[in-house]
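These notes are about the structure you will find just below.
Coordinate-derived values only; no laboratory data. Everything numeric in this text was worked out from a predicted model, so none of it was measured. Using ideal geometry, Cβ is built from the backbone for each residue, glycine included, and neighbour counts are taken over all protein chains shown.
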Amino acid sequence: MRFETSRALDAIERRLSVDPLVAGGVIDLVEAARSVDLDGGRPAALLRLGLFVDALSRQLGDGGVGLYAVAERGAMSDTDFTSNERMVLRRWSDDGLMEMLPPGARPGGRVREVAALTGLPVISRVPLPGHPGPVYVTVGARGGMDLTMAPSTGSTPRPHPVLSRFWRCPAGDCPVFGRPPAAGAGQAPPALPSGAPICPRHGERLIDAGVRPPAVPMVVRINGTVRTRFPLTAARPVVVGRAPEDGITIGNWLDDEASRRVSRNHVRLELRDGMVLVTDVSTNGAAVLARTSAAAAPREVALNRHEAQAMGEWDEVELYPEVTVGRADRPPADVAKGGAPNSVMADAPTIALRLPK
Ligand SMILES: [Zn+2]
């Protein structure tokens, strides 16, 4: 195999995750790999997944955001993939980097289930009317594909009770539900075909493995680029500022003027009843840029000092112009127009896939 292909697949691999606190969208892997219209190449190509990783990075200004990929086992014997691609798929599946469903399962249905349970957007080639959460649809094709958030039909449903527990799979070698996640990490949502939690890979009834504290993935964006990501849990508030004693330090990324205006402790975030609350604890003030949907123009709402204010899922809190904190899995009001930060396709061979540079 060509060295560049292997390097690009490695870069894609590093961005695959079934942890909802790390992923920024859920995708049907084979649908993405079969998007021939994007480059006019082979019927199926694993490298195409990289186009979706990069498009998601551009949307979120986030060079580290993960992709939650779902496929069915048949993909590992699909001869439209090269033997190396099939081997890579098997590795991703065995390492629990993606979800591999049993033969005959429908990945599209599982993608929508994961999205509905976690609130993650679906990334789709076609609109999904009736889906209860946000959906990215691809726009453009050959010569430059991008994502656009489809007008939402409703708001993200409240977290399902099944997500208030960790789950364990009785199958001996389960890469996703085999052991409890590391401290601070999330866990893939169980499948709920008939209400009871089931391992999406093995079809086995999952075993309750204890309380899972609610958590929401948050990011700090500076000039449109994500500088740091942190989970906000119900267990403990997080202070974001120039140099808080205990919290998220952003001083390193601020220019001189911003450093003078952003306080050591600027805002305090809490997660209460599934709602993010923000309190201005700064000297120079903070504001919420409130939006009702991805497409809505932001409305600036000043915060009263030391008074907690609820944030909607599309809202960002502004510490200083172009210094914001918001949900990691929701695109900001100003989607960066530049290239994908930390592109996974930087090493991709342009001839093999005939991708435009
Ligand atoms: Zn399992």
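Overview of results
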read-out	value
Inter-probe distance in nm under a simple model that places probes 7 Å from Cα toward Cβ, at residue 302 and residue 283	1.9 nm
Potential lengthening between residue 275 and residue 234 on full extension [0.36 nm per residue; Cα-Cα distance subtracted]	13.8 nm
Descending principal axes extents, the stretch 13-160, alpha-carbon based, whole Å	42, 35, 28
Helix 83-94 vs. the chain, principal-axis angle (Cα, 0 to 90°, nearest 10)	50 degrees
Förster radius 35 Å - calculated FRET efficiency between residue 208 and residue 259 (Cβ-Cβ, nearest 0.05)	0.15
Inter-label distance for residue 80 and residue 322, nm, one decimal - labels placed 7 Å from Cα along Cα-to-Cβ	4.4 nm
Magnitude of the charge dipole, the stretch 105-187, Cβ model with Lys/Arg +1 and Asp/Glu -1, debye to 20	140 debye
Solution diffusion estimate, µm²/s, Stokes-Einstein, the stretch 203-276, Kirkwood Rh from C-alpha pairs, 10 °C, viscosity 1.306 mPa s	113 µm²/s
Rg followed by Dmax, in Å, when the stretch 1-79 is reduced to its Cα trace	12.5, 35
The stretch 225-280: GluC sites (Glu not before Pro) falling in loop per DSSP and having at most 16 other Cβ within 10 Å	245
Debye-sum result for the stretch 40-82 in log10 I(q)/I(0), which assumes one identical scatterer on each alpha carbon, at q = 0.14 Å⁻¹	-0.43
Loop-resident sites, the stretch 306-335, for GluC sites (Glu not before Pro), counting at most 10 other Cβ within 10 Å (DSSP)	307
The chain: relative contact order as a whole-number percent, Cα under 8 Å and 6+ apart	19 percent
Span from the the stretch 278-295 Cα centroid across to the the stretch 91-139 one, whole angstrom	31 Å
Rounded tilt (10° steps) of 3-13 against the dominant C-alpha axis of the chain	50 degrees
Degrees, to the nearest 10: 107-118 long Cα axis against longest axis of the chain	20 degrees
DSSP bridge pairs, the chain: antiparallel proportion in percent, nearest 5	75 percent
Structure-based [θ]222 nm, the chain - -39500 (n - 2.57) summed over DSSP H runs of at least 4, per residue, nearest 500	-5000 deg cm²/dmol
Hull volume in cubic angstrom per residue (convex hull over the Cα atoms of the stretch 199-357)	188 Å³
Share of pairwise Cα separations in the chain, more than 33 Å, in percent	29 percent
Label point distance in nm, residue 160-residue 196, each placed 7 Å from Cα along Cα→Cβ	1.5 nm
